[in-house]
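Trainee: One structure is given below, represented as structure tokens, and several questions about it will come after.
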Amino acid sequence: MENSSYFILARVFHVVGVVLWIGGVAFVTTVLLASLKQSPNGETRLKLFEQLEGKFAFQARITTLITGLSGFYMLEAMNAWGRYQHLQFWWLHLMTFVWFIFTLVLFVLEPLFLRRRFHQRAMLDSDKAFALIHRMHRVLLTLSLLSVVGAVAGAHGFRFFQEPVG
Ligand code: HEM
């Protein structure tokens with residue numbers, strides 16, 4: 001099954017989704033937020049952030065969907081749901097966790113209240129609001145990169161540790 005064209009295509013979609021999505025998160029974290037924090041004008045900073053992040057949020061929603069669908073398809077095709085019961089597949093747990101958090105934020109929390117809450121906070125104290133959002137992005141980027149490292153090594157046969165038998 002792992003050599004079938006559909007499976008290989010799913011892996012291609014998965015990785016391209018991850019590149020566009022996590023690459024974008026890396027840009028927002030290490031370039032956009034890092035330079036906006038240095039801008040002295042709180043209002044310009046907020047306007048720019050909302051403009052650029054808003055555009056990226058659309059890309060992130062599409063790529064999160066593609067990554068999740070192709071990931072679950074691969075699990076089904078490999079009949080590998082049982083991996084969730086084994087700690088040595090921690091990278092699968094981490095990937096799924098990262099995906100779940102982003103899905104929750106992008107599809108539920110942001111449209112419901114996060115965007116509005118951030119705008120209000122930034123109007124009251126721009127430095128504090130941007131420091132907080134930068135910290136949150138750094139945490140998510142770190143977890144995402146850890147997933148990528150674990151997934152590439154794990155998917156290609158690296159055993160991080162041996163689980164005790166019985
Ligand atoms: C619903 C969430 C996800 C599921 C169900 C899922 C599932 C999978 C599966 C089944 C594989 C193939 C493993 C194998 O060949 O043994 C895989 C590979 C991979 N996944 Fe995910 N994944 C998800 C989310 C993510 C996320 C959020 C990232 C990145 C942050 C990610 C990055 C990768 C990478 C880099 C590979 C390795 C590709 C390769 O080298 O062949 N995945 N994933």
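Read the figures in this text as sums done on the coordinates, not as results from a lab. Model, not experiment: these values are computed from the prediction. Every residue, glycine among them, receives a Cβ derived from its backbone with ideal geometry; neighbour counts consider all protein chains shown.
Trainee: Using each residue's phi in segment 135-146, evaluate 6.51 cos²θ - 1.76 cosθ + 1.60 at θ = phi - 60° and report the 3J(HN,Hα) Karplus result to the nearest Hz, with x for Gly and Pro.
Mentor: Per-residue couplings from phi come out as 4, 4, 5, 5, 4, 5, 5, 4, 5, 5, 5, 5 Hz.
Trainee: Continuing with the same structure: When the helix-only estimate is applied to the chain (DSSP H runs of n ≥ 4, each -39,500 (n - 2.57), divided by the residue count), what is the mean residue ellipticity at 222 nm, nearest 500 deg cm²/dmol?
Mentor: -24000 deg cm²/dmol
Trainee: How much FRET efficiency would the formula 1/(1 + (r/R0)^6) give for SER35 and LEU132, where r is the Cβ-Cβ distance and R0 is 22 Å, rounded to 0.05?
Mentor: Approximately 0.80, to the nearest 0.05.
Trainee: Quick one: in segment 1-129, what % of C-alpha pairs are over 25 Å apart?
Mentor: Here the tail beyond 25 Å accounts for 38 percent of pairs.
Trainee: Something else now. Under a cut-off of 13 Å between alpha-carbon atoms, report the aspartates and glutamates in cross-link reach of LYS128, not counting same-chain residues fewer than 8 places apart.
Mentor: Within the straight-line cut-off, LYS128 pairs with nothing.
Trainee: While we're on this one: So how much slack lies between LEU145 and GLU50, counting 0.36 nm per residue of separation and subtracting their Cα-Cα distance, in nm?
Mentor: 31.7 nm
Trainee: Which lysines does LYS55 reach when only Cα atoms under 19 Å apart count, and residues fewer than 8 places away in its own chain are ignored?
Mentor: LYS47
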